[in-house]
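Data block below; observations after.
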Amino acid sequence: MGALGGMRRNVEVKARLRAREEALRAALRLRGLGPVCPVCPGAGQGPPQVCPGGGQVLLQTDTFFRVPRGRLKLRQTQDGRGELIFYERPDSAGPKLSRFSITPTADPEGLQAVLSQSLGVLGTVRKERLLFLLGQTRLHLDRVQGLGDFLELEVVLQPEQSEEDGQRLARELLQEFGIGEQDLISGAYLDLLLAQGDNGNTP
C-alpha cells in the first residue's frame, strides 16, 4: 500500500445491479470459471473468505470524515485491519479518473476516535464485497447496507497509461456485464445514503 505522500491513479465506475447473480456469472465467465452458487457460505465470519468461484468475500465498514477537499475515509475489515484512504474524483456518472492514497493502520478504532474528534464524521457505509481480479481491473460486487447491490470497477492504471486507456477498458467490461448508461451512478455510496436521509451511523 502507498503512503499518503504518493498519489496513485485508477479509473472507476459504479452501477446499480438489477441481478447480482447474473453479474457473478458474468465475472466467473470472464475468469474462465464455471458456475457457482452466488451465496458464499461463511461470508463475514472470521478472516476474509475465498469464494468458490475465485473471488474474495470482504466485510468493510467505511467511516467518512469532514475534510476541505476530496474524501477521507477509514476502512475497517472483519479481520481487525484498517486503512486510511484519501481520494479525489469527479462526482459524475461513467468511468472517471480517481487519484488516491492509502496507508494501513494497526489501530483503526483508535484512529477513528482521533479523526472523529478532530474532523467530525460525515457518515458510515457498511458493505459485503465480493472481489475479483480481472487483469488490471478490480471488480467489486457490493451489497451495501441500506442501498442494495452494486457493481464497481477499478481499472488500476500503469504509469504509461492515460485516463482514456482506463475509460476504454472500463467501458468494455461494462458492456460484458450488460450495464447501460441508465444504471451508472455518480458520487460515493455515502452520497446515496445521505440523499435518502441515512448517514449509516446506526448499525
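Key figures
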item: Tensor-based shape of segment 53-131 (alpha-carbon gyration tensor, a/c under 1.5 rounded, otherwise prolate or oblate); result: oblate
item: Inter-label distance, nm, simple model (7 Å from Cα along the C-beta direction), R143/R99; result: 3.7
item: Three semi-axes of the equivalent ellipsoid, the chain, Cα gyration tensor, whole Å, largest first; result: 26, 21, 17
item: Virtual paramagnetic centre 7 Å along Cα→Cβ of L194, amide N under 13 Å, in segment 64-81; result: 64-73
item: Potential extension, R66-E88 segment - 0.36 nm per residue separation minus Cα distance; result: 6.6 nm
item: 15 Å tail of the calculated P(r), segment 125-203, as % of Cα pairs; result: 62
item: Dipole of the chain [Lys/Arg +1, Asp/Glu -1 at C-beta], most positive-end residue of Q182, V11, N201; result: N201
item: Cβ-Cβ FRET estimate between D79 and A113, R0 fixed at 25 Å, reported to 0.05; result: 0.80
item: Paramagnetic reach from Q136 (point 7 Å along Cα→Cβ, amide N under 13 Å) across segment 64-105; result: none
item: Charged-residue dipole, Cβ positions (Lys, Arg, Asp, Glu), the chain about Cα centre, Debye nearest 20; result: 100
item: From phi via Karplus (6.51, -1.76, 1.60), per-residue ³J(HN,Hα) for segment 173-184 in Hz, x at Gly/Pro; result: 5, 4, 5, 4, 8, x, 8, x, 4, 5, 8, 6
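Where a number appears in this text, it was derived from the coordinates with a stated rule and is not lab data. Computed from a predicted model, the values in this text were never measured in an experiment. Please note: Cβ atoms are built from the backbone with ideal geometry, for glycine as well, and neighbour counts cover all protein chains shown.
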